[in-house]
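**Student:** Submitted below is the structure of interest, expressed as structure tokens.
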Amino acid sequence: MERAEAYGFSGVMSGAFLLSCLLFAAVSRRQRGPYMDEVFHVPQAQAYCQGRFLQWDPMITTLPGLYLLSVGVVKPAAWLLGWTGSVVCSVGMLRFINLLFSAGNFYLLYLLLFKIHQKNKAVSGFQRILSALTLAAFPTLYFFTFLYYTDPGSVFFTLFSYLMCLYGNHKTSALLGFCGFMFRQTNIVWTVFCAGNVVAEKLNEAWKIELQKKKDEKISSRKGSFSDLTRILQFLVEYLLSPKNLVTLTALTWPYIILVSLFFVFVFINGGIVVGDRSSHEACLHFPQLFYFLSFTVFFSFPHLLTPTKIRKFLLSLKKHPVQYSLVTVISLFLIWKFTYAHKYLLADNRHYTFYVWRKVFQRHELVKYLLVPFYLFAGWSFADILKSKSVFWILMYFVCLLAVTVPQKLLEFRYFILPFLIYRLNIPFLSLYRQLLELAFYILVNAVTFYLFLNRTFQWENSDEVQRFMW
């Protein structure tokens with residue numbers, strides 16, 4: 001990092017943290033008590049603060065990573081600063097933990113952008129800083145900076161694990177992956193993703209050697225025709241069936257293998273991935289979640305994916321491969337028909353944006369969910385097209401992890417899309433400065449609307465005296 005870039009990044013990060021502190025104060029003044037899921041998280045953390053580590057709220061579905069870390073930060077701070085009484089582990093103090101995570105996420109996003117795109121000399125330091133600022137302000141993540149939720153910490157440890165993986169520190173990466181798992185069990189998928197990065201790199205090297213042996217210039221390690229993909233899949237199977245290759249990959253990824261093995265032991269002992277209330281978090285094959293994620297991604301990265309050039313290229317691809325697109329359309333219609341679910345929380349809780357998306361769009365008419373298939377096709381094609389700079393093995397590995405983290409979820413919840421979106425966004429090419437600024441401006445606008453609604457457009461339910469607020 002050059003000195004000017006370092007000073008620039010420090011200045012931007014400090015300014016962003018100051019603005020976040022001011023917004024934090026505004027949120028804390030308007031919503032002093034626990035809200036939504038905080039009514040479970042805050043008392044649990046306060047019980048840990050008082051040394052009652054055997055007390056557990058059965059409604060909590062995640063492991064106690066957030067509460068353990070909170071106690072590990074707040075207790076020493078209280079001792080050093082002389083805090084006593086209700087200040088220690090108060091709602092505001094616990095929420096402040098996530099403000100620290102938010103600053104850490106900003107720094108990690110910058111480091112990841114620097115590492116992933118280090119070979120692209122055309123990217124300036126200002127573009128890296130601007131892109132890191134944009135991702136740090138990603139609305140679905142940024143909102144939960146100001147409440148005591150698991151998301152900021154979950155993202156922090158997962159991004160940190162990914163960064164260490166890219167630098168080859170796999171034991172550290174697996175340890176950080178364990179921390180991420182303690183915040184949210186589904187983060188084990190991103191441990192597999194880190195191991196997959198190592199495997200994809202070795203596969204790519206072996207594939208290039210294979211090409212040199214055969215001197216076949218028509219096949220590349222990039223995405224190509226269907227016949228090329230068939231050849232690549234055949235190579236993949238042959239490579240992974242070789243005992244020598246398996247030993248090599250095991251030697252490289254053993255820290256991740258140990259962590260994933262511990263995860264399966266946990267699932268066996270626990271009787272499932274969810275702790276606490278399992279009745280509302282049952283796993284199922286909810287394939288349309290992939291379509292919702294693609295739509296979510298197009299919405300939040302429209303400067304990248306929704307452009308006139310992209311639309312023209314998609315129409316040309318549609319014209320060139322009508323049979324393939326017809327087949328994908330039929331499969332998509334079938335998956336929507338057989339595997340669409342509406343969780344009871346989605347239908348009943350009018351405090352979340354997803355409630356209104358479902359009611360205003362999907363419940364408008366029975367045919368709407370099918371009429372959206374052409375848009376899903378474009379979203380999927382555009383999503384895959386912008387990732388073509390990555391090797392085909394990386395794309396396959398990411399897609400498997402994306403399916404694993406989205407499809408089993410019955411509840412349509414935008415928070416579940418945060419990590420797959422950030423991983424995707426970190427790995428796509430940089431845009432022009434104009435489009436980067438457009439993306440940042442859009443995020444700021446969405447955040448401004450969200451916080452305005454949350455702070456000022458309150459309402460009440462008929463059977464409750466509590467103030468209700470709109471949120472993600």
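The values are calculated or read from the model by the stated rules, or taken from the named source; none is laboratory data. None of these values were measured; they are calculated from a predicted model. FYI the Cβ positions are ideal-geometry reconstructions off the backbone, even for glycines, and counts take in every protein chain you see. Surface accessibility is based on the protein's heavy atoms, side chains included, excluding ligands, DNA and RNA. Shrake-Rupley method; radii C 1.70, N 1.55, O 1.52, S 1.80 Å.
**Student:** If the reach is capped at under 14 angstrom between alpha carbons, list the aspartates and glutamates near Lys310, excluding any in the same chain fewer than eight residues apart.
**Tutor:** Answer for Lys310, where 14 Å is the Cα cut-off: Asp385, listed by chain and number.
**Student:** Going by accessible area, probe 1.4 Å, with all protein chains left in place, what is the ranking of Arg52, Arg30, largest first? Before the final figure, lay out the partial values.
**Tutor:** Working: Arg52 100, Arg30 125 Å².
Order by accessible area, largest first: Arg30, Arg52.
**Student:** Determine, at each q value in 0.12 (inverse angstroms), the log₁₀ of I(q)/I(0) that the Debye formula gives when each Cα of the chain is one equal point scatterer.
**Tutor:** Here the Debye-derived log intensity ratios amount to -1.23.
**Student:** Return the distance in nm (one decimal) between the two label points of a simple spin-label model at Leu229 and Arg359, each offset 7 Å from Cα along Cα→Cβ.
**Tutor:** For the pair Leu229/Arg359, the computed spacing is 4.0 nm.
**Student:** For labels at Asn350 and Val247 in the simple 7 Å Cα→Cβ model, what's the distance in nm?
**Tutor:** 6.6 nm
**Student:** Now a separate question. Stick to the Cα atoms of the range 287-431, pair each with every other, and give me the Kirkwood hydrodynamic radius in Å at one decimal. Before the final figure, lay out each step's value.
**Tutor:** Details: mean 1/r = 0.0616 Å⁻¹.
Kirkwood radius, the range 287-431: 16.2 Å.
**Student:** Which sequence of Thr172, Thr191 reflects their accessible areas, 1.4 Å probe, from the largest down?
**Tutor:** Numbers: Thr172 60, Thr191 5 Å².
Highest to lowest solvent-accessible surface, that is Thr172, Thr191.
**Student:** While we're here: Give me the 1.4 Å probe accessible area per residue for the chain, excluding ligands and nucleic acids, in Å².
**Tutor:** Details: 23030 Å² over 472 residues.
Dividing the accessible area of the chain by its residue count gives 49 Å².
**Student:** Still on this structure, please answer the following. Quick one: of Lys121/Lys202; Lys115/Lys208; Lys115/Lys369; Lys171/Lys410; Lys244/Lys390, which pairs are farther than 31 Å apart, Cα to Cα? If you can, show how the numbers build up before the last one.
**Tutor:** Working: Lys121/Lys202 25 Å; Lys115/Lys208 23 Å; Lys115/Lys369 40 Å; Lys171/Lys410 33 Å; Lys244/Lys390 26 Å.
Correct reply: Lys115/Lys369; Lys171/Lys410.
**Student:** Cross-link partners among aspartates and glutamates for Lys338, C-alpha distance below 14 Å, same-chain residues fewer than 8 apart left out?
**Tutor:** Glu366
**Student:** In the range 137-161, whose amide N lies under 19 Å from the spot 7 Å out along Cα-to-Cβ of Trp83? List them in ranges.
**Tutor:** The answer is 145-150, 152-153, whose backbone nitrogens lie closer than 19 Å to the label point.
**Student:** Treating the Cα atoms of the range 72-161 as identical point scatterers in vacuum, please give the log10 of the normalised Debye intensity I(q)/I(0) at q = 0.18 Å⁻¹, two decimals.
**Tutor:** -0.81
**Student:** Next question. First compute the accessible area of the chain with a 1.4 Å probe, then give the percent of it belonging to carbon and sulfur atoms. List each step's numbers first, then the result.
**Tutor:** Working: 15350 of 23030 Å².
That fraction is 67 percent.
**Student:** Ok, one more. Taking all protein chains together and a probe of 1.4 Å, list Phe126, Phe442 from the most accessible to the least accessible.
**Tutor:** Numbers: Phe126 120, Phe442 40 Å².
Result, largest first: Phe126, Phe442.
**Student:** Right, another one. For the chain, which cysteines have no disulfide-compatible partner, meaning no other cysteine Cβ under 4.7 Å?
**Tutor:** So, Cys21, Cys179, Cys284, Cys401.
**Student:** Using only Cα atoms, tell me the angle between helix 125-136 and the longest principal axis of the chain; keep it within 0 to 90° and round to the nearest 10.
**Tutor:** The helix 125-136 is inclined about 60 degrees to the chain.
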